[in-house]
Amino acid sequence: LDMQQFISEMPKAELHVHLEGTLEPELSFALATKNNIPLEYKTPEQLVAAYDFHDLPSFLKIYYAGMNVLINESDFYQLTWDYLVKAASENIVYAELFFDPQAHTSRGVSFETIITGIHKAQLDAEQKLGINSQLIMCFLRELSAESAMEHLKLAMPYLPWLVGVGLDSNERDNPPTKFAEVFAKARALDLKLTMHCDVNQLNTLNHIEQCLDEIQVDRIDHGVNALQDPVLLEKIKQKKLGLTVCPISNRFVVQSLTSAEIRQMLEHNILVTINSDDPAYFRAYLNENFIELQKEGQFSAQDIVTMVENSFKVAWLKDSEINQYL
Ligand code: ADE
Ligand code: ZN
């Protein structure tokens, strides 16, 4: 069995991908020219050469600088459309997409511009490419809870376009409980809840515990460190929570695809899923994440199938919709 072909051809779901993290250098240059925004580099190749990530802050700096080229509705449309084209080419049939509205409203882009561009691309991709997707609004955790709440209010006219809310960006000193009120309100609005607990962050076990006990999330993004605490691991198992792990993203922080940890999760019957996180920056989309992970961890075809099935099982779809994919 050719594992690379097996992985590439399998219908898959992606549950942890930041739309702004799918901004390819070529689109970045095209939009910079169109919008008259100066770039620090002369060519897309030079830009990629400057991608030097070794921890979360060093990544976030380049990630936020990159998205300054996104100004108009058509820019958000193009970003989303290009990702969905790429995803469909990788046989992704369903995707849940994160976006970071605060990173754009803070630059004077209106919430309506952002979400309308994204939504129109989702509709077109469903019709023309047959790929289904849903949208998750993330809050930037280094900003205030008040700003998060304001953005939840900005989203009120668009609630049917959102499936859930998430929490991302700089985790240090920004625990889940900082956003308890915002997430309680989101839950009351029938939105699903997830939060990043990135690999090897300070107080990560406390953050995972808060996600489980106080916020009562429906999934955890990353969450790899839960393996270090049997109590947390058991809770994740009992609640049947999905963990959206991103192997190549993890490599920038821990120099491994965390294949040993992923294997342990499978052995514990944890609903671990494989995802790309910020594929344009990490230079690897979903198939490449699976292929590299399989090589590092020597996973069997059955292991791959289990991880792909897990992502449909923990997707934020109705049971009847999930059963169409399984
Ligand atoms: N925003 C985009 N990618 C992220 C990541 N990997 N961790 C935290 N915040 C992010
Ligand atoms: Zn992420």
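Identification of helices (runs of 4 or more DSSP H) wholly contained in segment 236-301 with 1 or more residues that are more than 16 Å from ligand 1 (Cβ to nearest atom) yields 259-267, 286-297. Looking only at segment 13-46, residues that are surrounded by 13 or more Cβ atoms within 10 Å (Cβ to Cβ) and farther than 30 Å from I131 by Cα come to 3 in all. Counted as qualifying within segment 113-231 are the strands (runs of 3 or more DSSP E) with 1 or more residues that are touching a residue at least 12 places away in the same chain (Cβ under 8 Å), over 30 Å from N91 (Cβ atoms) and under 17 Å from the mean Cα position of the chain (by Cα), namely 132-140. Restricting A88, A103, A125 to residues that are of a type in the set (A, V, I, L, M) and within 16 Å of ligand 2 (Cβ to nearest atom) narrows the list to A103.
Out of all the residues in segment 228-243, is one or more within 16 Å of ligand 2 (Cβ to nearest atom) and within 22 Å of D100 (Cβ to Cβ)? Yes.
Does segment 79-101 hold any residues that are free of Cβ contacts under 8 Å to residues at least 60 places away in the same chain, closer than 30 Å to F6 by Cα and surrounded by fewer than 24 Cβ atoms within 10 Å (Cβ to Cβ), and which are they? Result: W81, V85, A88, S89.
Taken together, the values in this text are just the output of simple stated rules run on the coordinates, not laboratory data. Given the structure is predicted, the values throughout are model-derived calculations rather than measurements. Cβ sites come from the backbone with ideal geometry, for glycine too, and all protein chains shown count toward neighbours.
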